[in-house]
Amino acid sequence: MTDAISISQAQLRFGETAALDGVSLAIPNGSCFGIVGESGSGKTTLMRAVLGLQKLDRGEIRILGKPLLHGRAALKERAGFIQPIFQDPAASLSPRSRIRTLMDEVGTVLREPLAATHERLHVILNRLGLPPGVVDKYPHEISGGQARRVAIARALLMKPSILIADEPTAGLDVSVQGDLLNLLQDIRRSQHITLVIISHNLAIVRLIAENAAVMRAGKVVEAGEVGSLFGSPQDAYTRELLAAWPSVSAAK
Ligand SMILES: Nc1ncnc2c1ncn2[C@@H]1O[C@H](COP(=O)(O)OP(=O)(O)OP(=O)(O)O)[C@@H](O)[C@H]1O
Ligand SMILES: [Mg+2]
């Protein structure tokens with residue numbers, strides 16, 4: 001079966017820093033895949049490369065079997081099937097437009113009657129615990145947690161087949177974190193979406209991902225099925241990371 005995302009020997013330097021240092025990964029179609037690793041290990045860089053926002057120095061990325069192309073047309077086409085949820089959601093919202101404008105654009109892109117987009121949006125906002133009135137606000141008028149959920153709503157509204165979320169639960173209340181993860185899981189299962197979750201939180205990855213990769217200094221140090229990865233880690237760094245999350249290694 002074709003992988004949703006396959007990365008082969010990805011290399012990318014920023015000056016002296018090897019942000020990606022020979023990363024190879026295969027993310028199966030329809031699965032939930034976790035990427036964990038300390039700050040600066042290259043997780044966001046990898047995501048940006050997969051989205052075509054950052055060119056690799058070397059290596060290859062394929063999305064649903066097709067080599068990743070650069071340029072405006074390719075970027076636009078890709079938005080139809082792969083959607084990001086960025087680590088800093090406020091930065092992905094346009095400061096001068098009301099949230100409604102952002103959502104209505106989706107209808108235009110998908111060539112869907114606006115009423116149908118609004119209907120789907122209503123359901124998504126409700127599931128994310130956002131009041132319908134949030135669409136009348138400007139990005140500076142909503143909280144950080146709301147901005148994150150607005151960014152998630154926008155991504156889901158695009159009906160992507162692959163969703164990559166960078167720290168999707170950061171800055172959310174614990175109760176909302178659980179709801180959000182459940183929602184993402186529900187949507188993934190019902191719409192057969194491939195979900196990639198980047199997180200510092202090993203407990204979250206263990207809970208919702210089937211497979212995961214551990215990154216350190218631009219390298220994947222270990223990858224595999226979460227049960228064995230977190231249950232009997234082979235790599236010293238994975239063990240170190242797990243030691244900071246006693247509940248994860250103890251969990252079944
Ligand atoms: N645009 C850039 N210019 C220069 N260096 C960069 C740039 N983007 C990332 N880096 C460097 O590349 C490395 C990987 O950064 P990256 O943002 O991918 O880490 P991360 O794993 O997402 O970290 P965090 O968990 O803090 O979000 C870091 O050393 C970072 O300083
Ligand atoms: Mg990051």
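Bear in mind that the values in this text are calculations on the coordinates, not laboratory data. Predicted model, so just to flag it, every value in this text is computed and none were measured. Methodologically, a virtual Cβ is constructed for each residue, glycine included, from the backbone with ideal geometry; neighbour enumeration extends over all protein chains shown.
Determine which residues of the stretch 2-17 fall in the zone a paramagnetic label at Asp57 would reach in this model, i.e. backbone nitrogen under 17 Å from the point 7 Å along Cα→Cβ. Label zone hits: 8-17. Non-local lysine pairs in the chain, meaning eight or more places apart or on different chains, with alpha-carbon distances under 28 Å, amount to 17. Take the Cβ atoms of Leu114 and Met1, set R0 to 51 Å, and the FRET efficiency comes out at 0.90. Distance between the 7 Å Cα→Cβ label points at Arg189 and Ala79: 3.2 nm. Stretched out straight at 0.36 nm per residue, the stretch from Thr101 to Ser143 would grow longer than its current Cα-Cα span by 13.3 nm.
For the chain, the Cα-based Rg and Dmax, in that order, read 18.0, 54 Å. Mean-square fluctuations from a GNM of the chain, with a 10 angstrom spring cutoff on Cα atoms, peak among Ser24, Ser94, Ser161 at Ser94.
Across the stretch 143-154, computed HN-Hα scalar couplings (Karplus, 6.51 cos²θ - 1.76 cosθ + 1.60, θ = phi - 60°) run 6, x, x, 5, 4, 5, 5, 5, 5, 5, 4, 4 Hz from first to last residue, x flagging Gly and Pro. Sequence-ordered 3J(HN,Hα) estimates for the stretch 62-74 from the Karplus curve with 6.51, -1.76 and 1.60 and θ = phi - 60° stand at 10, 10, 6, x, 9, x, 6, 9, 10, x, 4, 5, 5 Hz, glycine and proline given as x. Using a cut-off of under 13 Å, list every residue of the stretch 18-59 whose amide N is near the label point 7 Å from the Cα of Glu240 along the Cα-to-beta-carbon line. Answer for this model: 37-39, 41. Going from the fewest other Cβ atoms within 10 Å to the most, the residues Arg216, Arg13, Arg111 appear in the order Arg111, Arg13, Arg216.
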